[in-house]
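The values are calculated or read from the model by the stated rules, or taken from the named source; none is laboratory data. Keep in mind the model is a prediction, meaning the values are calculated, not measured. A quick note on method: Cβ atoms are made from the backbone with ideal geometry, for glycine too, and the neighbour counts reach across all protein chains shown.
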Amino acid sequence: MAKLELNEYRLFDPEPGVRKIARELYEQVKDLPIISPHGHVDPMILADNKPFPDPTELILIPDHYAHRMLYSQGVPLESLGIPSVDGTPVEKDHRKIWQIFGDHFYLFAGTPTGVWLNHEFYEVFGIREKFNGQSALRIYDQIQEKLNSPEFLPRALFKCFNIEVLSTTDGASDTLEQHKKIKESGWDGRVVPCLRPDAIVSITAPNWKPEINKLEKTVGYEISSFKNYIRAIEDRRKFFKAMGATSTDQGVYSPYTHELNEAEAEAVFQRGLKGQASEDDGNLFTAHMLMEMARMSVEDGLVMQIHPGSFRNHNQVVFKRFGADKGCDIPVATEYTNNLRALLNKYGYNPALTLIVFTLDETTYARELAPLAGHYPALRLGPAWWFHDSYQGMTRYRQMVTETAGIYNTVGFNDDTRAFPSIPARHDVSRRVDSNFLARMVTSHLIDMEEAQKLSKALAYELVKKAYKL
Amino acid sequence: MAKLELNEYRLFDPEPGVRKIARELYEQVKDLPIISPHGHVDPMILADNKPFPDPTELILIPDHYAHRMLYSQGVPLESLGIPSVDGTPVEKDHRKIWQIFGDHFYLFAGTPTGVWLNHEFYEVFGIREKFNGQSALRIYDQIQEKLNSPEFLPRALFKCFNIEVLSTTDGASDTLEQHKKIKESGWDGRVVPCLRPDAIVSITAPNWKPEINKLEKTVGYEISSFKNYIRAIEDRRKFFKAMGATSTDQGVYSPYTHELNEAEAEAVFQRGLKGQASEDDGNLFTAHMLMEMARMSVEDGLVMQIHPGSFRNHNQVVFKRFGADKGCDIPVATEYTNNLRALLNKYGYNPALTLIVFTLDETTYARELAPLAGHYPALRLGPAWWFHDSYQGMTRYRQMVTETAGIYNTVGFNDDTRAFPSIPARHDVSRRVDSNFLARMVTSHLIDMEEAQKLSKALAYELVKKAYKL
Amino acid sequence: MAKLELNEYRLFDPEPGVRKIARELYEQVKDLPIISPHGHVDPMILADNKPFPDPTELILIPDHYAHRMLYSQGVPLESLGIPSVDGTPVEKDHRKIWQIFGDHFYLFAGTPTGVWLNHEFYEVFGIREKFNGQSALRIYDQIQEKLNSPEFLPRALFKCFNIEVLSTTDGASDTLEQHKKIKESGWDGRVVPCLRPDAIVSITAPNWKPEINKLEKTVGYEISSFKNYIRAIEDRRKFFKAMGATSTDQGVYSPYTHELNEAEAEAVFQRGLKGQASEDDGNLFTAHMLMEMARMSVEDGLVMQIHPGSFRNHNQVVFKRFGADKGCDIPVATEYTNNLRALLNKYGYNPALTLIVFTLDETTYARELAPLAGHYPALRLGPAWWFHDSYQGMTRYRQMVTETAGIYNTVGFNDDTRAFPSIPARHDVSRRVDSNFLARMVTSHLIDMEEAQKLSKALAYELVKKAYKL
């Protein structure tokens, strides 16, 4: 039996001087409450507060970071029990699936998923042997036993994880029933929604019209004009805000921003309703809606998030069989300097706006985003995101952003996860990597220890709280 | 009172073996004379040799690196006394402005501006307490006292900084009165001009025509044909050369090069004179003028510099109120392989040409610029520039350029500054970072100490002197 | 006389903890057999097994990495004896050329060519003094003496280098006479061909038609239709496979993939035969042929390699005088996410396909290639290639690829060289850099020593053997 250990110096630089300082800075922030302002945990988990069913259902099946790697090495998604949308039968035996996971866990060596899972096994589930083909079923049983106990109910874990606020991500038409249920339950955990308008903005998508119908149903009036459509979004924002939301979040292929005049916007919208919107219409409409969302943010104070640059559902074979979010969203090169210009020229200096921008294109950190955030008062940079939410990824982010934008134009850490029990692991990685980054600055005498301590707390807790108005 | 200290090992790797070698290499070059072949110091400062008025006027107001960061965190430029061009009243109380600067100096933690200012405070002005809201006015008074003394007159500082040559940057129509005044004063400091033709090349810019009129006035003849225009530029180059210039410097949005035939060039030029030049005309004209500038360099021996890839005056609100160079020039992705091809195919192997290329797009270091400079005899790479003139920026530059282009296809350091008293700080950072880079190579046994010492002197002094023919 | 030494810790991190582990991992793999699945050694060398003529002919003249650097610093290629294709006389005195090489060897400080040559001098030729202008001719004589001895015959070196398999690269119409000769000689060294179809795919190239004629001659039937053309390629693949090939290798400007229907493909092909193919035709034809090559790989099991993104023969003056591969191929930005989509959607999940993709655009490592390889089962990433086959280049590759794609979606090392005696040096660098990368992960506690040892062997030997089916 190979022993699982978490070295207390993990993710710190091996140089003893840096390591010592990194450890010292980390000690100061490691137990601070977790603020999770951007993620994809299903609020039903906390509304229902039912036991998690089993390890496979909890850990593997919802985590596309995990199953993409197995798929890339020839493991069929069917054999991992990923639910199909086309009726293809998939493996139902969760112990069998877990065994496959264990057999292939060596693939995650050196990856953030490997780091998170080992942390989760050790710290959350008290596992003390390494996960592999030999130990898989023993570990399955150990986790299953924990999941059956009241300490492992979702709300108990929420408290145990020391989460101060958790934001979910919710469609614009979502009635937020689960959030209501949480509120009405009297439980004091703070879970807030975040409005994501993508589905009602993608005017050329095949499901846009049904999404507009859903929106009509939610707001209770017909949406036959652009004016009405905008009114509906404003109403939804009002409702989300009343339910605790402090932000919106918009995924776009390109961050192109451009203002249409009223007549143009109406014309494009009408073509959309008739199913006649061209690709150009779609791009212009999204560009205009980014302007509109910024305007609304100025008016209602919701923080605006944009995350562009992902080619969604790249593998149509997987998409058709298993649906969206199955590990085949692939980044593309993204341009910000020209694309964000209209928005930043109109709202970038407005003190009522906080605009948080993410990227999957690291080449824009030093070239575009840090210079923009180091100038426009409204702009803040989201943390190293998605594929870059990792040891090297976060390190590169800080190295490429800090010298031009400083620390205070960034917004701390987002876990962006749908894997609820991985939240502490993810924040721990971030706190370690930032401590290490600061320690390298201290030992290179770019900053002193007093400054590092201040920056350390800002990165782990204060910046995110302030930026997201939480 | 928090003590300001400059650690003697700053910017060196914390690993003791690397640090020791870095220090040894640095010791060897730290006192070498400064060659500053590319910068924006106003020659009037050295022509007049009048005392600098006060700390705010000297240090904050001209430095867009500094006020952009304050602006990005919500400090209005008006409150910093940045002169407006539209008549907006701005703060005149320089002590009050300095206080704001002190209150926000924590924003610069880990930024090059922070490093430079601390160096400048400590080494140039003898300040021994940290700059912050508490100490701001005490430090103001200390600096003011120094500025009133003869040791702090510009020419005295020039000598004290051990500057061997300082190049300014001057418009093509500039009569170089200040340079004449310096020459005629009998002072032995070497200050040379550098011809920047941007204003007379941007054929589609609203102020192009007035700039041509200015050029006509300077050369004393009418410029009504492309031939005349070229003759005027050649005349100006001759004059600049006679005044000590060894180089030209051209800022372009894209480094596209393309040769027009005589008739085409004339036609575009005529459309420009009539205010009818299209955007395409503008791009072609710039592309052709890069070819012309290269041809002239081959003929008169002036070193040619190109620095592309900045979207100038991105924030039109700031631009309209405060004018150019107010911190809202933002880099864009830049292509060199295809764009420079025409120029390099015609002149790239001509021993009479030295072409120095800069970039704000670090992705081109290893992909395009190092391979190009590692082949074409005429091409040299300018140092890590602007936003990349920093600890991490310079380190990335060396890491991405050296393996393909070697050290000898680069040209040492440029401070590129308008902040005269920051010159020693900037060169010190460069000498430290290069020493550290070489020390890492020594301790990884890629080079030995003897080679490192040779390269170290080349990087700090010899390469720049040779490349700029100084 | 300056002593040449190879430090046993070279290319390892200076931090003693990392260095110790790196050394331990390296010791374990340094003597493993060399698998060289992708390179440009002329098979005639091993077929004839004649003594190498002299140091200049062996080491300098065929190595464009070496002479490009000399050329970039003003040394004419004529003076280096590079054979001209236009009749220009070139230096014939190989001792004189070698002297020039020695005089300029300082230019290679910190470059991979410098590292490889010092390794080759020391380990292969037993040289114990540094190569420079003083020692050049002494070293020439020492190497010449070795070359005259039987231990330095090509086949003896092949065995001495511990090469398990060496793949050459061969045109599609090549009759593989040299490979036959090797096979028939009874020598037991394994040398296999690799089919490179570029010349017969570049339908708009001036020499495409002659290349088709060559192909006709080789296959023995007329190629007047696209169907026949495809049949010819299939026949050549069959023959290459019978001769030991396990892979094909295709260089393209862009990795754009797109399937034409039969009639479209035929029409483009016919325009090609008539010399009327447009640039668009050329791009579409290449895009379609990538699809066809993938289909054939699925059918015959040959591993498919694509390496895009090089602007060939950028310097037309050099190209016209000296021909291809003379150091003026320059990388360009390359897009994979959109371009590879058609191919990956059709074949990316087919277990019969192994597609290995290379890049010269490092920005695609983390943004596009690692996410794609971390998803599609058929896709593997080729190692850090060409200009990036270096200490920093390989380190960046591992840092940017591993967290998303893991280690097992990469394929070990390729030397890609035409410089036969540099093969051990190149593999040694790779084994050192990978050992060091793993050691950094061990000392940061991302993986433990047991995992590192497993990964280390995978990187040095197992992955390449498996990926290339060798």
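Does A:LEU455 satisfy the condition of being at the interface with chain B (Cβ under 10 Å from one of its Cβ atoms), surrounded by 24 or more Cβ atoms within 10 Å (Cβ to Cβ) and closer than 17 Å to A:ARG23 by Cα? Criteria met by A:LEU455. Residues in region A:53-87 that are of a type in the set (Ser, Thr, Tyr) and in a helix (DSSP H, G or I): A:THR56, A:TYR65, A:TYR71, A:SER72, A:SER79.
For the structure I just gave you, tell me whether A:ASP325 is charged (D, E, K, R), in a helix (DSSP H, G or I) and more than 21 Å from A:ASP235 (Cα to Cα). Spelling it out, it is not the case that A:ASP325 is charged (D, E, K, R), in a helix (DSSP H, G or I) and more than 21 Å from A:ASP235 (Cα to Cα). Take the residues in region B:313-323 that are in contact (Cβ under 8 Å) with a residue 24 or more places away in the chain and of a type outside the set (Gly, Ala, Ser); name whichever of them is nearest to the other protein chains (Cβ to nearest Cβ). Filtering first and then ranking leaves B:VAL318. The test for being within 14 Å of chain A (Cβ to nearest Cβ) and in contact with a strand residue (DSSP E or B) (Cβ under 8 Å, 6 or more places away or on another chain) does not hold for B:SER79.
The test for being crowded, with 19+ Cβ neighbours inside 10 Å and either more than 14 Å from chain C (Cβ to nearest Cβ) or assigned to a strand (DSSP E or B) (or both) does not hold for A:TYR365. When C:PHE125 is tested against (1) under 18 Å from C:LEU58 (Cα atoms); (2) of a type outside the set (Lys, Arg); (3) touching a Ser or Thr at 6+ places or on another chain (Cβ under 8 Å), just one condition goes unmet, and that condition is (3). Residues in region B:312-329 that are acidic (Asp, Glu) and farther than 13 Å from B:HIS67 by Cβ: B:ASP329 only. Note on region B:147-172: among residues that are in a strand (DSSP E or B) and of a type in the set (Gly, Ala, Ser), the one that is nearest to the chain's Cα centre (by Cα) is B:SER167.
Could you tell me whether region C:234-248 includes any residue that is among the small types (Gly, Ala, Ser), out of contact with any Pro (no Cβ under 9 Å at 6 or more places or on another chain), in a helix (DSSP H, G or I) and crowded, with 22+ Cβ neighbours inside 10 Å? The answer is no; no qualifying residue exists. Being touching a residue at least 24 places away in the same chain (Cβ under 8 Å) and under 30 Å from A:ILE45 (Cα atoms) holds for only one residue in A:PHE285, A:PHE239, A:PHE226, and it is A:PHE239.
Just one residue in the set B:LYS346, B:LYS326 is surrounded by fewer than 23 Cβ atoms within 10 Å (Cβ to Cβ), among the charged types (D, E, K, R) and within 14 Å of chain C (Cβ to nearest Cβ); that residue is B:LYS346.
In this structure, B:PRO351 does not satisfy being modelled with pLDDT of 95 or more and away from chain C (no Cβ under 14 Å). Of all the residues in region B:102-142, those that are assigned to a loop (DSSP other than H, G, I, E, B), within 12 Å of chain A (Cβ to nearest Cβ), without any contact (Cβ under 8 Å) to a residue 60 or more places away in the chain and farther than 16 Å from B:ALA425 by Cβ number 2.
Being of a type in the set (Asp, Glu), surrounded by fewer than 24 Cβ atoms within 10 Å (Cβ to Cβ), under 29 Å from B:MET441 (Cα atoms) and more than 7 Å from chain C (Cβ to nearest Cβ) is a description that applies to B:ASP416. If the condition is being of a type in the set (Gly, Ala, Ser) and crowded, with 18+ Cβ neighbours inside 10 Å, then region C:57-116 contributes C:ALA66, C:SER72, C:GLY81, C:GLY102, C:ALA109, C:GLY110, C:GLY114. Would you say B:GLY309 is closer than 25 Å to B:PRO206 by Cα, within 14 Å of another protein chain (Cβ to nearest Cβ) and modelled with pLDDT under 95? In short, no. Screening B:LEU360 against (1) more than 30 Å from C:ARG312 (Cβ to Cβ); (2) away from chain C (no Cβ under 12 Å); (3) crowded, with 24+ Cβ neighbours inside 10 Å leaves a single unmet condition, (1).
When the helices (runs of 4 or more DSSP H) confined to region A:382-467 are screened for residues that are free of Cβ contacts under 8 Å to residues at least 40 places away in the same chain, those reaching at least 3 such residues are found at A:391-405, A:449-457. Here is a list of conditions, (1) in contact with a strand residue (DSSP E or B) (Cβ under 7 Å, 6 or more places away or on another chain); (2) outside the structural domain of C:ALA460 (by TED's automatic domain parsing), and C:HIS38 meets all of them except one; can you say which number that is? Every condition holds for C:HIS38 apart from (2). Restricting region A:381-408 to residues that are under 16 Å from the mean Cα position of the chain (by Cα), away from chain C (no Cβ under 11 Å) and not small (Gly, Ala, Ser), the residue that is surrounded by the fewest Cβ atoms within 10 Å (Cβ to Cβ) is A:TRP385. Only a single criterion out of (1) under 28 Å from A:PHE158 (Cα atoms); (2) of a type outside the set (Asp, Glu); (3) surrounded by fewer than 15 Cβ atoms within 10 Å (Cβ to Cβ) is not satisfied by A:LEU46, namely (3).
For region A:1-35, the set of residues classified as touching a strand residue (DSSP E or B) at 6+ places or on another chain (Cβ under 6 Å), more than 14 Å from chain C (Cβ to nearest Cβ) and surrounded by 15 or more Cβ atoms within 10 Å (Cβ to Cβ) consists of A:ILE34, A:ILE35, listed by residue number.
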